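Read through the structure below, which is laid out as structure tokens, and then see the notes.
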Amino acid sequence: MTIIRIPKSWELPEREVTPEAAYFNRRRFLKTLVGASIGASIMPIMGCQSSSDTDKALTATLELPKLESIKTNPAFATVDRPVTNELLAGRYNNFYEFGTGKSIWQAAQALPTDGWKVEVTGAVKNPRTYDIDDLLKKFPLEERIYRFRCVEAWSMVLPWIGFPMKLLMAEVEPTSKAKFVQFISYDDPQLRIGPSWTLGGKLPWPYTEGLTLEEMANELAFFAVGLYGHLLPKQHGAPLREVVPWKYGFKGAKSIVKIEFVESQPATFWNTIDPHEYDFEANVNPNKPHPRWSQATEKFIGKGADFSWEKRDTLPYNGYGEYVAQLYGNK
Ligand code: MTE
């Protein structure tokens, strides 16, 4: 068994041990950009529509083939707040394979997505390896506008395009042995930048996540292949990622290469690093503080091109209790 020594926060430069660190890095980035503190309740304009070289480069990362004739699922056509500005969502990412902080969206462009394959294996009757192009045609695609809540206490609203996970389950037919599923992200040690903290070189790559089978079969559980009407940008986890909107964002593994059905609870990246701070279930819960900060409220990011955030109460299950509360014995 690999023992991972978790450094104490005081051993790390600027508390860079958890996803929260990226948040603070981004705070610094945003501060640099706008020359003002995010600590104020309204954040000044970020220049999302400016014609700077940076914004042109960012726009290029978002100009991807459009996904035509996709219908929005009427059950998920609106939420209680506006969709986050695309340029903003496209540069405010967590993707530790490609570093920490402001340059992730640029570094992630090195992800080689051509000829992508996804292996579905383990306790299933019909194991399959899909070419991503076949996968895109295999299942009917739909748009769903979901709230997105990061464990770092910021949130967005994102218009995903993809298909429900339960369609893939029906295709591969998990056997009675399958109780959990593990999602495994692409990893190339040659390409990997990694976060600025390394845990002495013992980070549990590749990035992995997992769900129970009941969670995977839930109506909300979704595989995204697109965002904002086009194919998924690399910084958001092209060409295939998990979207489970009632859970914290770290549960949504990006750039999936393997999906494995297993008998017992699989290891996951953050849970291996610190099970006390990142539990396997990780349902959004305003009444369960993170050990180092409250989860009672969140900063909702992205109203139009004028970047501003507003404080909102965190919703139990991120507002999706009617779909998932029964999975956890709650009504
Ligand atoms: N998937 C991989 N492979 N690597 C990561 O570092 N970060 C997670 C999740 N999926 C991560 C990942 C975290 S902490 C968050 S909050 C979301 O991706 C961020 O998704 P976004 O950048 O599309 O907003």
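The values are calculated or read from the model by the stated rules, or taken from the named source; none is laboratory data. Predicted, not measured: the structure shown is a model, and the values here were computed from it. Please note: Cβ atoms are built from the backbone with ideal geometry, for glycine as well, and neighbour counts cover all protein chains shown. Ligands, DNA and RNA are stripped out before the accessible areas are found, and what is left, the full protein with its side chains, is counted by its heavy atoms. Shrake-Rupley method; radii C 1.70, N 1.55, O 1.52, S 1.80 Å.
See the values below:
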{"read-out": "Cα gyration tensor, the stretch 155-235 - rounded (a/c under 1.5), prolate or oblate", "value": "oblate"}
{"read-out": "Set 71/137; 166/254; 71/138; 125/179 screened for pairs whose C-alpha atoms are more than 21 Å apart", "value": "none"}
{"read-out": "Net charge, residue 110 excluded, C-beta distance under 12 Å - Lys, Arg +1, Asp, Glu -1", "value": "0"}
{"read-out": "Compactness of the stretch 26-328 as Cα Rg over 2.2 N^0.38 Å, two decimals", "value": "0.96"}
{"read-out": "Percentage of interatomic Cα-Cα distances in the stretch 137-273 larger than 20 Å", "value": "47"}
{"read-out": "Cα-derived Rg to Rh of the stretch 198-252, Kirkwood definition", "value": "1.04"}
{"read-out": "Euclidean distance of C-alpha centroids, the stretch 118-177 and the stretch 240-281, integer Å", "value": "14"}
{"read-out": "DSSP bridge orientation in the stretch 26-328 - percent antiparallel, rounded to nearest 5", "value": "85"}
{"read-out": "Positive-pole candidate from 287, 112, 65, dipole of the stretch 26-328, charges at beta carbon", "value": "287"}
{"read-out": "Full-stretch length increase - residue 63, residue 214 - with 0.36 nm per residue and alpha-carbon distance subtracted", "value": "50.8 nm"}
{"read-out": "Cross-link partners of residue 117 among aspartates and glutamates (Cα-Cα below 17 Å; sequence separation of 8 or more within a chain)", "value": "131, 133, 134, 171, 187, 188, 242, 260"}
{"read-out": "Accessible area expressed per residue, the stretch 26-328, with surrounding protein chains retained (probe 1.4 Å, Å²)", "value": "41"}
{"read-out": "Gyration tensor verdict on the stretch 58-147 (Cα atoms; rounded if a/c is under 1.5, prolate if a/b is larger than b/c, oblate otherwise)", "value": "oblate"}
